[in-house]
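A.B. asks: First the structure, then my questions, so here it is.
The values are calculated or read from the model by the stated rules, or taken from the named source; none is laboratory data. Quick caveat: nothing in here was measured; it's all calculated off a predicted structure. Reconstructed Cβ throughout: ideal geometry from the backbone, glycine too, with neighbour counts over all protein chains shown. Areas reflect the complete protein model, heavy atoms only, side chains present, ligands, DNA and RNA absent. Shrake-Rupley method; radii C 1.70, N 1.55, O 1.52, S 1.80 Å.
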Amino acid sequence: LQECRAFHDREINVRKCCSLITKILYLLGKGERITKDDATNLFFGATKLLQSKDPSLRRLVYLIFRELSSIVSPEERIIVTATLVNGMKDPNEIYRSASIRVLA
């Protein structure tokens, strides 16, 4: 989880971020538990990754939102919900549909 500080870098390293999110999703899928504080940090770090126009990274970000939404508090979910609503207005239909799927 410490490696996820890369989410806050000025220049987004798409390959590294994709790898980190994949590892986190794998661990969550295997039943690993993460603390609420760690989940919150990941949740907001992943929000910054939506600035990237890389489709594979954005898909992984939507997946991590879905997985972490049950761990973080409702107040924190509202902030990401606002981000996803903005994603629904994106001219690219891939991003719009992914935002709708996560919100559903």
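A.B. asks: So Val72 fits all but one of (1) under 25 Å from Arg96 (Cβ atoms); (2) touching a residue at least 12 places away in the same chain (Cβ under 8 Å); (3) out of contact with any Phe, Trp or Tyr (no Cβ under 6 Å at 6 or more places or on another chain); (4) open to solvent by less than 80 Å² (accessible area, probe 1.4 Å); what number is the exception?
C.D. replies: (3)
A.B. asks: Looking at segment 79-104, which of its residues are of a type in the set (Asp, Glu) and assigned to a loop (DSSP other than H, G, I, E, B)?
C.D. replies: Asp90
A.B. asks: Kindly establish whether Leu63 is outside any loop (DSSP other than H, G, I, E, B) and either in contact (Cβ under 8 Å) with a residue 40 or more places away in the chain or under 21 Å from Ser73 (Cα atoms) (or both).
C.D. replies: When the stated conditions are applied, Leu63 passes them.
A.B. asks: Somewhere in segment 26-40, is a residue of a type in the set (D, E, K, R), surrounded by 15 or more Cβ atoms within 10 Å (Cβ to Cβ) and part of a helix (DSSP H, G or I)? Show your work before the answer.
C.D. replies: Going residue by residue through segment 26-40, those that are of a type in the set (D, E, K, R) are 30, 32-33, 36-38.
Those still in the list that are surrounded by 15 or more Cβ atoms within 10 Å (Cβ to Cβ) too: 38.
If we keep only those that are part of a helix (DSSP H, G or I) too, we end up with 38.
There is at least one residue in segment 26-40 that is of a type in the set (D, E, K, R), surrounded by 15 or more Cβ atoms within 10 Å (Cβ to Cβ) and part of a helix (DSSP H, G or I).
A.B. asks: State whether the residues of segment 78-87 include one that is of a type in the set (A, V, I, L, M, F, W, C) and touching a residue at least 24 places away in the same chain (Cβ under 8 Å).
C.D. replies: yes
A.B. asks: Ser52 versus (1) part of a helix (DSSP H, G or I); (2) closer than 24 Å to Lys23 by Cβ: which is the lone unmet condition?
C.D. replies: (1)
A.B. asks: Give the number of residues within segment 51-69 that are open to solvent by less than 20 Å² (accessible area, probe 1.4 Å) and closer than 21 Å to Asn13 by Cα.
C.D. replies: 7
A.B. asks: When the residues of segment 1-25 are narrowed to those that are touching a Gly at 6+ places or on another chain (Cβ under 9 Å) and open to solvent by 100 Å² or more (accessible area, probe 1.4 Å), which ends up farthest from Asp54 (Cα to Cα)?
C.D. replies: Filtering segment 1-25 for residues that are touching a Gly at 6+ places or on another chain (Cβ under 9 Å) and open to solvent by 100 Å² or more (accessible area, probe 1.4 Å), the one farthest from Asp54 (Cα to Cα) comes out as Arg5.
A.B. asks: Would segment 6-27 turn up any residue that is in contact (Cβ under 8 Å) with a residue 12 or more places away in the chain, under 21 Å from Leu103 (Cα atoms) and not β-branched (Val, Ile, Thr)?
C.D. replies: Yes, segment 6-27 contains at least one residue that is in contact (Cβ under 8 Å) with a residue 12 or more places away in the chain, under 21 Å from Leu103 (Cα atoms) and not β-branched (Val, Ile, Thr).
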